[in-house]
1. Which strands (runs of 3 or more DSSP E) does region 307-426 wholly contain that include 1 or more residues that are modelled with pLDDT of 95 or more?
2. Whether any residue in region 85-104 is open to solvent by less than 20 Å² (accessible area, probe 1.4 Å), more than 14 Å from residue 46 (Cβ to Cβ), within 10 Å of the ligand (Cβ to nearest atom) and at pLDDT 95 or above is what I want to check.
3. Got at least one residue in region 197-209 being of a type outside the set (A, V, I, L, M), farther than 17 Å from residue 20 by Cα and open to solvent by less than 30 Å² (accessible area, probe 1.4 Å)?
4. Please work out which residue is surrounded by the fewest Cβ atoms within 10 Å (Cβ to Cβ), limiting yourself to region 217-276 and to residues that are in a helix (DSSP H, G or I), within 17 Å of the chain's Cα centre (by Cα) and without any contact (Cβ under 8 Å) to a residue 60 or more places away in the chain.
5. Being open to solvent by 10 Å² or more (accessible area, probe 1.4 Å), free of Cβ contacts under 8 Å to residues at least 40 places away in the same chain and away from the ligand (no atom under 12 Å from the Cβ) is the filter here; which residues of region 37-51 pass it?
6. Name the single residue that is least open to solvent (accessible area, probe 1.4 Å) among those in region 52-70 being out of contact with any helix residue (DSSP H, G or I) (no Cβ under 9 Å at 6 or more places or on another chain) and away from the ligand (no atom under 12 Å from the Cβ).
7. Select from region 151-177 the residues that are open to solvent by 60 Å² or more (accessible area, probe 1.4 Å), in contact (Cβ under 8 Å) with a residue 24 or more places away in the chain and not charged (D, E, K, R) and list them in ascending order.
8. Report yes if residue 21 is modelled with pLDDT under 95 and either surrounded by 14 or more Cβ atoms within 10 Å (Cβ to Cβ) or not hydrophobic (A, V, I, L, M, F, W, C) (or both), otherwise no.
Amino acid sequence: MSIKTTLLQKIDSRQARVGMVGMGYVGLPLAVAFARAGFVVTGVDVDESKVEALNRGQSYVGDVPDTELTPLVQSGCLHATVDYADLAAVDAIVICVPTPLRKTKDPDISYIIEAAESIARQGATGKLIILESTTYPGTTEEIILPRLAGQGDQVGRDFFLAFSPERIDPGRRDYTIANTPKVIGGVTPDCLAVALALYGAVVEEPVPVSSTATAEMVKLLENTFRAVNVGLVNEVALMCDKLGLDVWEVVKAATTKPYGFMPFYPGPGLGGHCIPVDPHYLSWKLRTLNYRARFIELAAEVNSYMPEYVVGKVVDALNGERKAVNGCHVLILGVAYKPNVGDVRESPALDIIHLLQARGAVVSYHDPFVPSITTELFALESIQLTATALQQADCVVIVTNHDCYDWGSIADQARLIVDTRNAVKNFL
Ligand SMILES: NC(=O)c1ccc[n+]([C@@H]2O[C@H](COP(=O)([O-])OP(=O)(O)OC[C@H]3O[C@@H](n4cnc5c(N)ncnc54)[C@H](O)[C@@H]3O)[C@@H](O)[C@H]2O)c1
């Protein structure tokens, strides 16, 4: 029997063992989905504290409640380890390691390389390997394939390799792993067939595409689309400010057009691990081909200016009260990059805090999802959101629109507010 047939049968009967490399925001929910679908899942992570927490049945990802995780761990369907040797016996491995940027904004694919080399040391023969980390077109075939094929195995016959981008939207309830269509590209048609079979067990609508590079590009189109459109509406906000117009009214009215328009909303800047980061993977790749990705560069320029713009609004608001920002107490409400999550990666709130501190402001923050922040430039702990804290602040800057905030009482108690939330008119 061919390796492909054996794998397909094991997947179909749920005898296939699944390995997950990188048990973070992407890997953990996916590991849980495979375990719930009846596979035995082994999660590998280099972070010992995550491995220990998982093996106690404790989740550190908001979208995975302990009540869902614990029974899977207790029944032996899901276990975590720091030891790649535990992947020697699995049939399929999904790689979900980070793909950050270096300080120069160039891609840092060192995590992908390390994961691929660690998997190769256990032997890829007989396995399906899938990369889920967002990366530039060509990574799967240029970086992973040569490392796995090193021992003379032939891809599409002795082992199978695919790329499938993750579309998870942390905190979202209506779209889950199961009902979000999943794009999948294989190195060969048989690689695609085996990957489709595996994902078919956990997603309702797998979407096959012709190659791994196409699948990699699909993800970058999706995220670049958002970065560029947010950049556009942020620039429209800056223009409306100069024209004395209300950008929210403009966007709301434009949204009544039943076709050809999709609303995006201005804000304090782009945040999160994906939208501010991923387009740079594409522009870097294009630079190596002597092409400048102009929309990506322009959107990044506008979006990364927004924290500076917010700080300018704080300075103006304080000026209206005859106060200098230097020495003023500024309270930031919400530092996560989006509502109802505890993720501060690339959050514009970090830039806003630093820029205010650099101007001499005494900055504190409250965020029920983020107990503390440590960056290279500052370290702060979330303070209690009391009436006294609100009244003592010379200015309250609302950055993240967490559902739990009581905006009515905040508005009553704060002396001065700069509000960057969607659909609030007094920003800009
Ligand atoms: N978070 C999202 O909303 C989201 C959405 C879509 C795509 N993505 C992409 O998915 C990938 C993972 O993102 P994430 O948010 O899950 O990151 P994360 O930082 O939450 O998780 C990555 C995990 O990988 C572990 N790790 C690092 N190196 C490792 C190695 N060599 N071996 C084993 N484990 C290792 C880390 O300890 C961490 O737990 C990235 O490419 C990201 O762009 C993320």
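1. Of the strands (runs of 3 or more DSSP E) lying wholly inside region 307-426, those with at least 1 residues that are modelled with pLDDT of 95 or more span 329-333, 362-366, 372-374, 379-381, 395-398.
2. yes
3. no
4. Looking at residues that are in a helix (DSSP H, G or I), within 17 Å of the chain's Cα centre (by Cα) and without any contact (Cβ under 8 Å) to a residue 60 or more places away in the chain, I get 221.
5. Of everything in region 37-51, just one residue is open to solvent by 10 Å² or more (accessible area, probe 1.4 Å), free of Cβ contacts under 8 Å to residues at least 40 places away in the same chain and away from the ligand (no atom under 12 Å from the Cβ), namely 40.
6. Taking region 52-70 first, the residues out of contact with any helix residue (DSSP H, G or I) (no Cβ under 9 Å at 6 or more places or on another chain) are 52-53, 62, 65-67, 70.
Now restrict to residues that are away from the ligand (no atom under 12 Å from the Cβ): 52, 65-67, 70.
On the way: 52: 101, 65: 57, 66: 70, 67: 116, 70: 37 Å².
Applying the filter and picking the extreme gives 70.
7. The answer is 151, and nothing else.
8. Criteria not met by residue 21.
The values are calculated or read from the model by the stated rules, or taken from the named source; none is laboratory data. Remember, it's a predicted structure, so these values are computed and weren't measured experimentally. Because the Cβ atoms are built from the backbone with ideal geometry, glycine has one as well, and the counts that use them run over all protein chains shown. Remember, those area values only see protein heavy atoms, side chains included, never the ligands or the DNA or RNA. Shrake-Rupley method; radii C 1.70, N 1.55, O 1.52, S 1.80 Å.
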